[in-house]
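Report on the following structure.
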């Protein structure tokens with residue numbers, strides 16, 4: 001009985017390379033030679049990179065001063081929120097044994113401040129900060145409106161908790177005279193943040209542009225008075241504000257506060273000598289067992305003074321080389337045994 | 001036959017007398033010689049009743065081959081079900097007629113032959129083809145490839161999701177246990193959908209560990225599938241451990257890099273959005289390298305899928321973090337400018353490379369050392385294949401084999417006695433290796 005042969009032929013898959021699983025291909029075979037040479041080269045690369053990173057990190061000079069408790073009773077004073085209008089200042093002297101050559105940066109560093117908490121990170125309004133809609137406070141719980149019902153600008157928990165200490169560095173030229181070290185307030189935030197993401201609303205006159213909004217409850221002054229000397233640094237585009245709004249990933253973080261202006265006595269950096277920090281203590285950290293310090297540091301091509309990457313690379317390179325030698329020994333021993341076996 | 005089967009302690013006797021509730025599996029036994037069993041349907045009717053069926057099964061499983069002839073369709077199904085019930089194996093039934101349908105449906109895998117006896121067997125089967133001999137290719141080539149691909153797919157899928165998710169576990173310790181995600185929400189959406197789906201699809205469709213010629217020549221390669229070697233509970237635990245280790249590397253290396261660190265110009269690099277971008281990029285590079293390592297058969301399509309997915313990730317990254325999109329929807333796309341600012345700096349790329357090195361080298365080392373210290377039988381076969389592939393023998397002069405299906409051994413004439421000895425001597429079969437002094441005895 002002859003079946004319909006056209007039936008059978010219509011079921012035949014196409015005789016193409018794809019359908020017959022015969023596409024031209026390269027077979028990856030990891031032979032012993034390839035693996036061992038890969039380990040060797042990786043070991044060399046990692047060790048080299050590690051040594052370079054460690055050497056560059058060693059050149060960095062850093063000074064950190066923890067002033068949480070050092071400022072007389074300011075910490076205790078700030079624990080009570082009723083004292084918000086009382087000013088508390090102090091001066092912390094320190095000595096630089098070696099000059100800090102090159103660009104010097106001043107940071108404030110916080111310990112135990114969780115800027116990465118889930119609700120905290122959500123509590124901001126980007127459309128408000130871009131100047132698109134200044135009254136859009138929908139995401140900013142619990143800092144949406146002031147007690148009068150007026151929308152807060154800038155709204156949200158991140159903006160409300162801005163770091164408001166003032167730190168001034170002074171240099172003692174000689175025993176009687178001390179001068180303020182010239183520091184730049186600009187150029188401390190990302191270009192995209194300052195010129196794209198943050199934008200003041202409407203007109204030139206900021207106080208009228210912000211009409212109909214209230215200042216955040218923890219702020220002493222409204223946002224359009226953040227820096228009245230420089231209109232490029234006032235309102236939402238104030239760089240200290242922008243730097244704070246870029247929330248940190250970990251509870252211990254440092255943010256750029258000022259950078260050295262290399263003029264007058266400081267063209268080569270900070271000379272050795274005695275200095276002091278004049279601090280206006282406003283930011284309360286002791287209530288949540290946090291700490292704060294000020295950091296002066298030079299930088300290098302690989303970033304800050306963290307030795308982590310250099311150490312990690314060196315350790316990885318060393319382990320890789322150890323593994324290489326071990327695997328090479330095992331491989332040679334087994335090859336010997338195989339050839340011996342074949343000879344027998 | 002083992003003398004112990006007559007003892008009281010024999011597990012089958014035990015089962016027959018006590019009839020416990022739990023399903024019973026026949027223990028494996030090794031026979032002391034080569035046996036075969038031939039049984040016809042009439043005797044099978046008695047052998048399949050009551051307690052005798054276990055004896056039948058035990059005996060049959062100790063034989064090299066069993067021939068049951070003159071069976072009814074019901075008996076065919078009953079034999080298959082007997083094996084399925086009491087043995088921990090996968091059964092395959094192949095048949096071409098309507099009387100084979102019940103057997104095909106009873107087995108785990110039913111194969112139908114479309115041929116002289118109609119379409120019934122084909123319509124009820126899982127696989128259908130036109131000649132019995134294609135069964136060899138179905139099992140040794142396609143079945144084996146399918147098993148390998150499935151196992152690779154499963155272990156990679158579990159691994160990449162463990163590596164992806166467990167990073168949040170480590171981050172919880174640093175974010176006040178507030179369930180803050182490490183990655184941006186768009187990355188979480190696209191990770192399994194777009195960035196890692198195509199390469200693993202490529203492996204599942206195209207991967208071949210050895211090509212079909214070698215698969216047919218070395219049937220020993222089929223063993224891992226029979227023994228569940230490539231994906232079982234132990235392999236799953238290995239995936240989990242590998243995922244945990246990768247997540248540790250993927251979290252702590254970027255964390256160490258940016259913790260308390262700044263860019264070369266002093267500006268921020270230790271912010272949440274930069275950290276998120278660095279971890280995302282490291283994760284994708286690591287899982288891409290992992291699938292690249294597992295792909296043994298690199299077609300053009302595999303290259304496009306693997307490297308294309310990684311490139312696509314970077315394109316989407318720059319798109320999602322671009323000015324235009326973020327300005328249009330400021331509250332939805334919040335990471336304006338992060339990719340441009342973060343991925344510009346050498347320490348970020350050094351951290352990505354370090355994560356890749358730390359994740360991949362142990363895997364490669366393990367692949368190198370495992371066949372040396374814990375060799376499996378199939379490893380030796382694969383070694384031989386690789387050796388043969390790299391040292392190809394000169395092509396042998398062979399007579400062109402006719403299609404295996406049409407190869408016939410000589411038939412005995414049924415109307416006359418006396419040819420039995422001639423046929424069983426093997427002289428009438430075609431020689432495997434052409435010997436100069438013998439030639440096929442043609443009918």
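General observations
- Kirkwood-based shape ratio for segment A:1-140, expressed as Rg/Rh from alpha carbons: 1.35
- Note on residue A:141 and residue A:184: the model spin-label points, each 7 Å out from Cα along the C-beta direction, lie 4.3 nm apart.
- Gain in span if fully extended, residue B:194 to residue B:179, counting 0.36 nm per residue against the direct Cα distance: 2.9 nm
- Kirkwood Rh, angstrom, chain A [1 / mean 1/r, Cα pairs]: 25.5 Å
- Distance distribution P(r), segment A:73-218, all Cα-Cα pairs, bin width 10 angstrom from 0: 9, 26, 31, 23, 9, 1 percent.
- The mean sequence separation of alpha-carbon pairs under 8 Å and at least six residues apart, normalised by the residue count of segment A:45-158, gives a relative contact order of 15 percent.
- Given R0 = 22 Å, the distance between the Cβ atoms of residue B:370 and residue B:28 translates into a calculated FRET efficiency of 0.25.
- Rg/Rh, computed from the Cα trace of segment A:139-228 with Rh as the Kirkwood radius, has the value 1.10.
- Tensor-based shape of segment B:273-399 (alpha-carbon gyration tensor, a/c under 1.5 rounded, otherwise prolate or oblate): prolate
- Counting only the Cα atoms, segment A:184-242 fills a convex hull of 89 Å³ per residue.
- Proxy reagent accessibility, fewest Cβ within 10 Å first, across B:68, B:326: B:68, B:326
- For the residues of A:299-307, the average number of beta carbons from a partner chain within 10 Å of their own beta carbon is 6.
- Least to most buried among A:179, B:423 (fewest other Cβ within 10 Å first): A:179, B:423
- Fewest-first ranking of B:353, B:338, using other Cβ atoms within 10 Å as the exposure measure: B:353, B:338
- The value for segment B:253-332 of Rg(Cα) / (2.2 N^0.38 Å) is 1.40.
- Per-residue mean of foreign Cβ neighbours for A:248-261 is 5 (Cβ atoms of other chains, 10 Å radius).
- Averaged over the residues of A:240-247, the number of partner chain Cβ atoms lying within 10 Å of the residue Cβ comes to 2.
- Spin-label pair residue B:227/residue A:268, simplified geometry with 7 Å Cα→Cβ offset, distance in nm: 7.5 nm
- Divide the volume of the convex hull around the Cα atoms of segment A:263-344 by the residue count and you get 210 Å³ per residue.
- Relative to the 2.2 N^0.38 Å rule of thumb, the protein assembly as shown has a C-alpha radius of gyration ratio of 1.37.
- Scattering curve values for chain B, log₁₀ I(q)/I(0), Debye with Cα scatterers, q = 0.06, 0.09, 0.10 Å⁻¹: -0.45, -0.84, -0.95
- Stretching the chain fully between residue A:288 and residue A:34 yields a gain of 85.9 nm (0.36 nm per residue, less the alpha carbon separation).
- Note on residue B:64 and residue B:312: the extension gain reaches 83.7 nm, defined as 0.36 nm multiplied by sequence separation minus the Cα-Cα distance.
- The alpha-carbon positions of segment A:177-279 define a convex hull whose volume is 168 Å³ per residue.
- Theoretical ellipticity at 222 nm over the protein assembly as shown - DSSP helices of four or more residues, -39500 (n - 2.57) apiece, nearest 500: -13000 deg cm²/dmol
- Spacing of the two label points (7 Å from each Cα toward its C-beta) at residue B:35 and residue A:90, in nm: 9.4 nm
- R0 of 22 Å, Cβ-Cβ distance residue A:118-residue A:81: FRET efficiency to nearest 0.05: 0.30
- A simple packing score, the average count of other Cβ atoms within 10 Å per residue, orders the peptides B:316-325, A:81-90 as B:316-325, A:81-90, with the highest score first.
- Residues residue A:41 and residue B:87, FRET efficiency given R0 of 60 Å [Cβ-Cβ distance, rounded to 0.05]: 0.70
Values quoted throughout were computed directly from the atomic coordinates according to the rules given, and no laboratory measurement underlies them. Bear in mind that the values here come from a model prediction, so they are computed numbers and not experimental data. Quick reminder, even Gly has a Cβ in these numbers, built from the backbone with ideal geometry, and neighbours come from all protein chains shown.
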